[in-house]
Amino acid sequence: MTDLLEELATLVRERYVLEPDAAKIAADLEDLDLAGLGPEVTAEVLTRRLQRTNHDRHLRVRHKPEGAATGFDSAAYEAHYAAEALVNAGGMREVRLLGDGVGYLRIAPYLSPVHLAEPYVRAAFTLLASATSLVIDLRDGRGGTPETVALICGYLLGGEAVHLQTLEQRDGPPRQFWTSPAATRIDAPIRVLTSATTFSGCEELAYNLQALGRAEVVGEVTGGGAHPVEAVALTDVLELHLPIARSVNAVTGTNWEQVGVVPDRQCPAEEALAGAVSALDQKSA
């Protein structure tokens with residue numbers, strides 16, 4: 001193998017979260033020929049091969065022409081996240097009242113890290129404080145951090161701290177995530193909208209609220225990614241995203257990896273909002 005493939009195989013073998021699969025994924029790289037491929041195509045080929053064993057969509061190589069980085073806490077990523085938070089309001093892309101007391105919160109495309117998302121989350125729930133029911137639209141939500149998910153849940157799960165999940169790492173102690181109840185909370189009925197492309201941290205938000213019986217999920221089965229990752233620069237423009245932990249929900253004892261979040265009411269994503277509002281109207285009638 002080339003030096004690149006050897007480094008990649010070693011990282012997967014030693015650090016990938018699912019140890020029984022790690023050796024198989026690493027071994028599957030041995031016969032790969034990357035000769036003559038540019039960096040963009042190399043990233044695509046490596047990602048297909050890495051995902052071939054167990055279809056973990058978080059395990060991938062990305063082409064980063066602006067420069068690959070190691071660690072999501074690096075200066076490069078901090079600058080990226082800060083700029084993204086300004087553009088996307090920390091992920092709180094749309095907040096409004098739909099009429100008849102129905103509040104609407106659209107989260108997209110990503111929930112920013114909690115220190116950047118917090119002022120936007122606080123503002124969103126201040127605007128929604130008068131809602132007598134709430135729709136959380138995750139159909140365009142592609143991810144987010146567990147800390148930010150816990151922050152949002154603190155506005156929705158009552159006045160006592162609630163254990164949401166534990167992240168189990170292959171190396172290192174488990175990390176528990178609990179809510180910190182917000183001063184102003186919404187106790188109204190909740191509907192969560194999902195699509196087939198809802199993924200990662202946004203899936204966690206839907207899964208948490210569903211598992212706790214706090215919300216009904218409406219829409220499509222989600223993408224199925226429950227493994228937090230770390231970033232590792234393989235070259236100056238190729239960056240590995242390597243799953244290093246798995247989510248264990250405090251209620252179900254499992255997670256949504258591969259299976260997705262299964263809605264309580266399944267329907268095409270484009271019909272989910274109308275269906276959710278109709279159900280809330282019937283509930284309040």
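The values are calculated or read from the model by the stated rules, or taken from the named source; none is laboratory data. Because the structure is a prediction, the values reported are computed rather than measured. FYI the Cβ positions are ideal-geometry reconstructions off the backbone, even for glycines, and counts take in every protein chain you see. Accessible surface areas use protein heavy atoms only, side chains included; no ligands, DNA or RNA. Shrake-Rupley method; radii C 1.70, N 1.55, O 1.52, S 1.80 Å.
Would you work out which of VAL114, ASN54, LEU98 lies farthest towards the positive end of the dipole of the range 29-138, given +1 charges on the beta-carbon of Lys and Arg and -1 on that of Asp and Glu, about the Cα centre?
LEU98
Beta carbons within 10 angstrom, averaged per residue: use that to sort the peptides 121-129, 208-216, highest first.
Working: 121-129: 17.9, 208-216: 20.0.
Ranked from most to least packed, the peptides come out as 208-216, 121-129.
Given 0.36 nm per residue, what is the gain on full extension from GLU6 to GLU147 after removing their alpha carbon distance, in nm?
Gain in length upon complete extension: 47.4 nm.
Quick check on the chain: helices-only [θ] at 222 nm, where DSSP H runs of length 4 and up contribute -39,500 (n - 2.57) each and the sum goes over total residues. Nearest 500, please.
After summing the helix terms and dividing by the residues of the chain, the value is -10500 deg cm²/dmol.
Magnitude of the Cβ-charge dipole of the range 97-151, K/R +1 and D/E -1, about the Cα centre, nearest 20 debye? Present the calculation step by step, with values, prior to reporting the outcome.
Values: 4 positive and 5 negative charges, 16 e Å.
Dipole magnitude for the range 97-151 comes out near 80 debye.
I'd like to know which of ILE152, ALA183, LEU209 lies farthest towards the positive end of the charge dipole of the range 139-234, counting +1 on Cβ of Lys and Arg and -1 on Cβ of Asp and Glu.
ALA183
For TYR110, list long-range residues whose amide hydrogen, built 1.01 Å from N in the peptide plane, is under 5 Å from its own amide hydrogen.
ARG142
Nearest 20 debye, what's the magnitude of the dipole of the chain about its Cα centre given +1 on Lys and Arg Cβ and -1 on Asp and Glu Cβ?
I would put it at about 840 debye.
For the range 167-175, what does the Karplus curve 6.51 cos²θ - 1.76 cosθ + 1.60, with θ = phi - 60°, yield as ³J(HN,Hα) per residue in whole Hz, taken in order and with x for Gly and Pro?
Couplings: 8, 9, 9, 5, 10, x, x, x, 10 Hz.
So what are the ³J(HN,Hα) numbers for the range 127-139, from phi and the Karplus equation (6.51, -1.76, 1.60; θ = phi - 60°), rounded to whole Hz, Gly and Pro as x?
5, 8, 4, 8, 5, 9, 7, 9, 10, 10, 9, 10, 5
Subtracting the Cα-Cα distance from 0.36 nm times the residue separation, let me have the gained length for GLN282 to ARG48 in nm, one decimal.
Stretched fully, the GLN282-ARG48 segment lengthens by 79.6 nm.
Please get the size of the charge dipole for the range 154-285, origin at its Cα centre, with Cβ charges of +1 on Lys and Arg and -1 on Asp and Glu, quoted in debye to the nearest 20. Could the numbers behind the result be given before it?
Numbers: 8 positive and 16 negative charges, 82 e Å.
I would put it at about 400 debye.
Hey, can you find the accessible area per residue of the chain for me, probe 1.4 Å, expressed in square angstrom?
Accessible area per residue: 44 Å².
For the chain, modelled as a GNM with alpha-carbon contacts under 10 angstrom, which of SER200, SER180, SER112 fluctuates the most?
Fluctuation is largest for SER180.
Please find, in a Gaussian network model of the chain (springs between Cα atoms separated by less than 10 Å), the residue of ARG13, ARG191, ARG246 whose mean-square fluctuation is greatest.
The residue that fluctuates most here is ARG13.
Could you sort the peptides 264-271, 247-254 by per-residue average Cβ neighbour count (10 Å cutoff), highest mean leading?
Per-residue Cβ counts within 10 Å, averaged per peptide and sorted highest first, yield 247-254, 264-271.
PRE reach from THR197 (point 7 Å along Cα→Cβ): which of the range 220-237 fall under 19 Å by backbone N?
Inside the label zone: 220-226.
When a/c is below 1.5 the answer is rounded, else prolate if a/b is larger than b/c, else oblate, so apply that to the range 89-239 with a ≥ b ≥ c taken from the square roots of the Cα gyration tensor eigenvalues.
Prolate shape, in that a/c is at least 1.5 and a/b is the bigger ratio.
In a Gaussian network model over the chain where Cα atoms closer than 10 Å are linked, find which of ALA182, ALA245, ALA161 has the largest mean-square fluctuation.
Answer for the Gaussian network model of the chain: ALA161.
Which FRET efficiency value, to the nearest 0.05, is calculated for ALA183 and ALA274 with the Förster distance at 35 angstrom and r the Cβ-Cβ distance? Could the numbers behind the result be given before it?
Working: r = 33 Å, r/R0 = 0.95.
Efficiency computed from Cβ-Cβ geometry: 0.60.
Pick the calculated semi-axes √(5λ) of the Cα gyration tensor in Å for this structure from [x] 28, 26, 15; [y] 36, 19, 18; [z] 31, 23, 17?
Read-out taken from this structure: [y].
How large, in percent, is the carbon and sulfur part of the accessible surface of the chain at a probe radius of 1.4 Å?
Ligands and nucleic acids excluded, carbon and sulfur give 51 percent.
In the full protein assembly as shown, how much of TYR104 is accessible to a 1.4 Å probe, in Å² to the nearest 10?
10
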